[in-house]
Number of protein chains: 4
Amino acid sequence: MKKVAVVGASGYTGRELLTLISRHRSMQATEVMTARPGAQPEPPQFPTDPVIAPLDLDRLKSCDGVFLCTPHGAASAIAKAALQHGCKVVDLSADFRLRDEKLYAEVYGAPHPAPELLQEAVYGLTEHARAAVAKARLIANPGCYPTSVLLPVLPLLQNGMLDPNAPIIADSKSGASGAGKNPGERTHFGNVHENFCAYGVGVHRHAPEIRQEAGTQRIVFTPHLLPTFRGILSTIYLTPKPGVTADAMRSCLHERYAHEPFVKVYAQGWPELKCVQHLNHCHMAVGASGPLVVVVSAIDNLVKGASGQALQNMNVMLGLPETEGLQ
Amino acid sequence: MKKVAVVGASGYTGRELLTLISRHRSMQATEVMTARPGAQPEPPQFPTDPVIAPLDLDRLKSCDGVFLCTPHGAASAIAKAALQHGCKVVDLSADFRLRDEKLYAEVYGAPHPAPELLQEAVYGLTEHARAAVAKARLIANPGCYPTSVLLPVLPLLQNGMLDPNAPIIADSKSGASGAGKNPGERTHFGNVHENFCAYGVGVHRHAPEIRQEAGTQRIVFTPHLLPTFRGILSTIYLTPKPGVTADAMRSCLHERYAHEPFVKVYAQGWPELKCVQHLNHCHMAVGASGPLVVVVSAIDNLVKGASGQALQNMNVMLGLPETEGLQ
Amino acid sequence: MKKVAVVGASGYTGRELLTLISRHRSMQATEVMTARPGAQPEPPQFPTDPVIAPLDLDRLKSCDGVFLCTPHGAASAIAKAALQHGCKVVDLSADFRLRDEKLYAEVYGAPHPAPELLQEAVYGLTEHARAAVAKARLIANPGCYPTSVLLPVLPLLQNGMLDPNAPIIADSKSGASGAGKNPGERTHFGNVHENFCAYGVGVHRHAPEIRQEAGTQRIVFTPHLLPTFRGILSTIYLTPKPGVTADAMRSCLHERYAHEPFVKVYAQGWPELKCVQHLNHCHMAVGASGPLVVVVSAIDNLVKGASGQALQNMNVMLGLPETEGLQ
Amino acid sequence: MKKVAVVGASGYTGRELLTLISRHRSMQATEVMTARPGAQPEPPQFPTDPVIAPLDLDRLKSCDGVFLCTPHGAASAIAKAALQHGCKVVDLSADFRLRDEKLYAEVYGAPHPAPELLQEAVYGLTEHARAAVAKARLIANPGCYPTSVLLPVLPLLQNGMLDPNAPIIADSKSGASGAGKNPGERTHFGNVHENFCAYGVGVHRHAPEIRQEAGTQRIVFTPHLLPTFRGILSTIYLTPKPGVTADAMRSCLHERYAHEPFVKVYAQGWPELKCVQHLNHCHMAVGASGPLVVVVSAIDNLVKGASGQALQNMNVMLGLPETEGLQ
């Protein structure tokens, strides 16, 4: 039985992770902490709430693995301590996703808090980094939007199916849990319910992350806020190379993911949020639309887009079956 | 005081039209009918429901104008009768939107029921057809999605700001009222609430309508179903001609619509559904995103996307102030 | 044309009032102010937002009437100034609803800020206070929950139809707009959407208000938070006097409200929130259930439960048609 | 490993049951069938949908247990066949809940389809029928509303804490999944979203069921439809015997359920739907409100109100740990 810590357990991703781990047969969350230094332990509001202890880095010693469900900027110091204790670390924040220290500073508005770890961190899009994940000490768990975009786009890029001069356009829509648990204007019920909007047009922090992993600057990414709690659906507009059909692109994806337990490529129909909610799945479908090819992908932002993929990575790092706790 | 008939008053657009007309100072809905031949009058379920009479074409004689809120295919016969009675007709269905009889047959799967009226019908995107609307006997009221796409795109096309070889991509999201009042799988609460999906990818009937009015086949259009009741938000990806900036495109739209009461071009920020719900407005904003320019437009699908624009057109046809009942 | 001020225009009730007044033919909102002393004017976020000026009591001089859409405690000082300027005042806050200064202090946790006005203020449940409203300088606009409970219960009490020893139980459910526009735990999307709860059980501030107006301490009141934006539905459990039937109670209400434009007593069926949203109506229905009689009432909390009733009262105070701007 | 059949697997309760069983370590759903005689097998719409075989009673032979997730009226014939094959049967429909054949005919509008089984069937409110469930061949799984009412009320009745002449009033609110998967007016998105209503006032079929199990006719029960998918919250108004306090009633419930894994009695605070969604829990809290005592209870209608309790019962019948698959 592996012992893990969940640091930052009061937010949505921390809570989701605890639910997933509770169904895991060979992993136990022995340490459940807040990430805020100096915060008092809070009594659970409801009987089903977890008891969250104060932050205590020493207690990580006893853990095989540590999950960091903290805001960006706060994860680095805890990651360093955990690595020194010999723990495997999966960081769900953005701290280690961008490999370029300067780009991080530009995008996140502050110098990187632990640049010495940047080269070591592995970007944990599990299906595309399994071998590196298995050997890693520190995983940068991918952003929710990038996961929904990279899973369908990477195989098409790697197989040279896309026009290298055309933009790759990802029109992405996310449920409100992506904006976190802290109350604010953006997440006020009156501003989400019966509403819908685009935000961060041309400037969202996940665009550089997608560009880095896709290896191209031609990414156009627009996030939107849905009046749902869970789920991301990305509608991706691609220009195929001359002679490449939508069917060929579907076949490419189908082959690439045929043996992946968490990726489904539809032979017909289109994925919806409800197909993937509460699952660690990414579903995708491909079709022609005028001169372009449209790919629609769907994930649960809290599972495959965060806590589920984090657990998938930790399973791989600790030598456990990759799907354990996730089926 | 002008007298009008609303035929097909039990659906969402008919109901919305009655609400708008009730606030109109010089128009009265003197005839409120079902569009289903042979249907019995139904007693209102609630005290605020309208009383809906059976279909009776003779009673249209006394009306200055007739609104057709019927399913496509059913409007043509009623339009013919109303025109013979000398009424002005605004058809909210799709019957007269496509000018090409063959294209209609292909898209709607049946021969056109009144091809002799096709050339006469005016496509009533009011801001772009005001003079023709004023002289028309028969208006094809634009589809909800096309309204949200054409209002921002037409001025940019007309001013030659777009790369003529690049696709115009409209990623559109609509509230569930667009799917109508009849219960079905698609509109079951359990399939809409906390869900989101794309549909009609590459094959939706509004794509040919947009192509016709934009005068180009390069339209890529993807509709999506939002878990809201009202509203359409379209995110439109455009490739500018070399040298044309997002600022220039914003200025173009701003100038074009500076004197239009129902179109707002944002100097900053982005429109949301809640900005336009219950209003006859189209709001739009423009920004750069990588190599492309993104335009976001928002309308209320039941108002500017249907009943509001229909009333706007009828006002113009009957010589009333265009904004009456709509402010 | 009457001139009115809306003080506290940035909240939900202030905004709703501006919408209603914009449709009024003989009233104009000439002053639109924040209620926060010292607050800077905020540029509107969206083109359809009102421009809100800083608080300036002197400018109230030019107004015939003043609406106070402020938090409780803040209204009293502004009311005093407005009255000194000779304005008619409708206060939508709780400041003048409880006539007993001591009860106010107990319920609201602070001494009353203007006890000298308490006896003068008229509790403006218009249908039950029309004559007094017409002569009043200062109206305490009723709470949203009390409006939904008192309209059905008062006639039954006044006609002696209820067992004087049995409790009157109001199980009330309100949309989230009742909790106001400020972000907080209670109104975070993740805590309202797909959720439902009771709150303030046995201790809500509207219970003493209902007790005062109903003239009995036998009120049991439980508010609940619905995952909707608008609307209150109250399910009221009543014990009839021996021999009094549900039919008799329905007849009593039907007669009492036969000539009231804003109250509908159903002959059959039951009201729903959607029957009254955006309307200044109270709908109610009556039926037997075992040994008790159940009354269900529905209002829009922002209209008949707040701004609509406020405008109805102001119309009466200023000698305008009572229904103007409200139909 | 026990083998079970799920008959009627395409509805919400059938689907929920399959999810729960998939997490069970010693139970497998070896037969997954539709309940409609003659229905063809439908290919799954989405990759995560179950494959549903046609109804084939012979295949039940190989099963230890059979779950009937069918409409009322349809379960009886299948139950008879399954019992003849020696299976343990949990019927989630209403067929065996009312023990009185005449009452069934009156309430459900048709003669009972298998009256010979009525006396044998055990009403499976597990916490109150564990011993009988363990010995039963046929379980009538309780209705969702009755579960939410009986769990808090039964111990108070059994301990004589309630005034025997006062009504027991249950004001219950349910998510729309309670109305099932078939599209209709009641469950159309436009009629549920941003709406709320009471229905079946004084005449709902669950009232006789509550009366039977509570052993009193003094039940007043009003169901309401929430704009949520999952969950029931019941607000219950009770008249204590003289001298009995809310604290005493809370203690009574606390003691009664201290060792029950699925029932939580709150020492403070009030349960919300989100506390119990996706869980087989019933949460409850008790407080004074004027002369009455209010109990609020919450369950997930699809879990403790249907499939979860069904699995709990099947576990008991098959000698498995009662909580298996449910934690």
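Observations
- So D:G180, is it surrounded by fewer than 18 Cβ atoms within 10 Å (Cβ to Cβ), within 23 Å of D:L292 (Cβ to Cβ), of a type in the set (G, A, S) and more than 9 Å from chain C (Cβ to nearest Cβ): no
- Here B:V296, B:V316 are screened, and the one residue that is assigned to a strand (DSSP E or B) and under 18 Å from the mean Cα position of the chain (by Cα) is B:V296.
- Filtering the stretch D:156-190 to residues that are in contact (Cβ under 8 Å) with a residue 12 or more places away in the chain and in contact with a His (Cβ under 6 Å, 6 or more places away or on another chain) leaves only D:K173.
- Per the listing C:P261, C:P321, the residue uniquely surrounded by fewer than 19 Cβ atoms within 10 Å (Cβ to Cβ), within 19 Å of the chain's Cα centre (by Cα) and under 22 Å from C:V90 (Cα atoms) is C:P261.
- Residue that is farthest from the other protein chains (Cβ to nearest Cβ) [pool: residues in the stretch A:265-282 that are within 20 Å of B:E194 (Cα to Cα) and not in a loop (DSSP other than H, G, I, E, B)]: A:C282
- Test: residue in the stretch B:219-238 that is without any contact (Cβ under 8 Å) to a residue 60 or more places away in the chain and either touching a Cys at 6+ places or on another chain (Cβ under 8 Å) or acidic (D, E) (or both): yes
- Residue match in the stretch B:152-170 (condition: within 14 Å of chain A (Cβ to nearest Cβ), under 14 Å from the mean Cα position of the chain (by Cα) and not aromatic (F, W, Y)): no
- Test result for B:P47, surrounded by fewer than 17 Cβ atoms within 10 Å (Cβ to Cβ), more than 17 Å from B:G8 (Cα to Cα), within 14 Å of another protein chain (Cβ to nearest Cβ) and not β-branched (V, I, T): yes
- Among the residues of the stretch B:116-146, those identified as small (G, A, S) and either more than 19 Å from B:K88 (Cα to Cα) or part of a helix (DSSP H, G or I) (or both) are B:A131, B:A132, B:A134, B:G143.
- Residues (at the interface with chain C (Cβ under 7 Å from one of its Cβ atoms) and crowded, with 24+ Cβ neighbours inside 10 Å) located in the stretch D:283-302: D:V294, D:V296
- Restricting the stretch B:243-255 to residues that are in a loop (DSSP other than H, G, I, E, B) and away from every other protein chain (no Cβ under 14 Å), the residue that is nearest to B:N301 (Cα to Cα) is B:V244.
- B:E255 falls short on exactly one of the conditions (1) closer than 22 Å to B:Q158 by Cβ; (2) crowded, with 21+ Cβ neighbours inside 10 Å, and that condition is (2).
- Enumeration of residues in the stretch D:185-208 that are more than 10 Å from chain C (Cβ to nearest Cβ) and under 15 Å from B:A179 (Cβ atoms): D:E185, D:T187, D:H188, D:F189
- Taking the listed residues A:L103, A:L60, the one that is touching a residue at least 60 places away in the same chain (Cβ under 8 Å) and touching a helix residue (DSSP H, G or I) at 6+ places or on another chain (Cβ under 8 Å) is A:L103, with no other qualifying.
- Residues located in the stretch D:299-313, provided they are in a loop (DSSP other than H, G, I, E, B) and within 19 Å of D:S26 (Cβ to Cβ): none
- When the residues of the stretch C:98-136 are filtered to those that are closer than 15 Å to C:F67 by Cα and touching a Gly at 6+ places or on another chain (Cβ under 9 Å), the one that is surrounded by the most Cβ atoms within 10 Å (Cβ to Cβ) is C:V133.
- Residue in the stretch B:256-264 that is away from every other protein chain (no Cβ under 11 Å), among the hydroxyl-bearing types (S, T, Y) and either touching a strand residue (DSSP E or B) at 6+ places or on another chain (Cβ under 9 Å) or under 18 Å from B:Y237 (Cβ atoms) (or both) present: yes
- Qualifying residues in the stretch D:231-242 (those that are more than 20 Å from the chain's Cα centre (by Cα) and more than 9 Å from chain C (Cβ to nearest Cβ)) - the one surrounded by the fewest Cβ atoms within 10 Å (Cβ to Cβ): D:P242
- Sole residue being of a type in the set (S, T, Y) and touching a Leu at 6+ places or on another chain (Cβ under 7 Å), chosen from C:S93, C:S62: C:S93
- Residues that are under 27 Å from A:G175 (Cβ atoms), acidic (D, E) and modelled with pLDDT of 95 or more, drawn from the stretch A:1-55: A:E16
- For the stretch C:111-155, a residue qualifies if it is of a type in the set (V, I, T) and in contact (Cβ under 8 Å) with a residue 60 or more places away in the chain, and the qualifying residues are C:T126, C:V133, C:I139, C:T147, C:V149, C:V153.
- Residue check for C:T228: within 10 Å of another protein chain (Cβ to nearest Cβ) and either assigned to a loop (DSSP other than H, G, I, E, B) or out of contact with any Ser or Thr (no Cβ under 7 Å at 6 or more places or on another chain) (or both): yes
The values are calculated or read from the model by the stated rules, or taken from the named source; none is laboratory data. The model shown is predicted, which means the values in this text are computed figures rather than measured ones. Cβ coordinates were reconstructed from backbone atoms using ideal geometry, including for glycine residues, and neighbour counts include every protein chain displayed.
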